[in-house]
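Report on one structure; see the data block that follows.
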Amino acid sequence: MSNALETTKLSKRYGRTWALQDCTLSLPAGRVAALLGPNGAGKTTLLHLSVGLLEPTAGEVQAFGLSPLRQPGEALPRLGFVAQDTPLYKGFTVAELLTLGRKLNPRWDDALARARMQKLGIPLERRAGKLSGRRRWPSCWRWRSDLICCCWMSRSRAWTRWPGASFCAR
């Protein structure tokens, strides 16, 4: 079985402070994993390094055998990342966010996204800023049927009870 994520002695330093040091892990494809730890343990740094948002100070990270930094055109289309503080356009309706997603993502699956909105009982005419906190997640416009790995960050535990969380296991 291939690995969805693999790191070798992955490290990130800001000045004299290590945010992550000598992290080596293998996450097999097709598995769902939780990243747990106290504040300052390096969870956010690890995820940012894993999708190429940060450059490591030392070590390597690969997603499906590809480097998100050196091979972004090959690696990034296979990854999804939803940061905990990603802004949602609160004035947009859900339908407008779906349109935005379709226009920004070449592999967008509009039927899948709309079916998930319907399954979750999210009205397309509702403004994003008026959705309850449980439903105000920034990934509604990032769904794709071919997504292989999704990294999800949240400050609350509510997402673990969210019925659509299984899409991360694709």
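Readers should treat all values here as calculations from the given coordinates under stated rules, not as data from a laboratory. These numbers come from a predicted model, not from an experiment. Positions of Cβ are backbone-derived with ideal geometry, glycine not excepted, and every protein chain shown enters the neighbour counts.
Things worth noting here:
- In this structure, ASN39 and LEU124 have a Cβ-Cβ separation that, at R0 = 41 Å, corresponds to a calculated FRET efficiency of about 0.65.
- Entry note, region 1-56: relative contact order of 34 percent, from Cα contacts under 8 Å with a spacing of 6+ residues.
- Seen from every direction in turn and averaged, the convex hull around the alpha carbons of region 1-77 projects onto 5.2 nm².
- Computed E for THR17/GLU74 - FRET, C-beta separation, R0 25 angstrom, nearest 0.05: 0.15
- Overall shape: prolate for region 1-136, with the ratio a/c of the largest to smallest alpha carbon gyration tensor axis at 1.5 or above and a/b above b/c.
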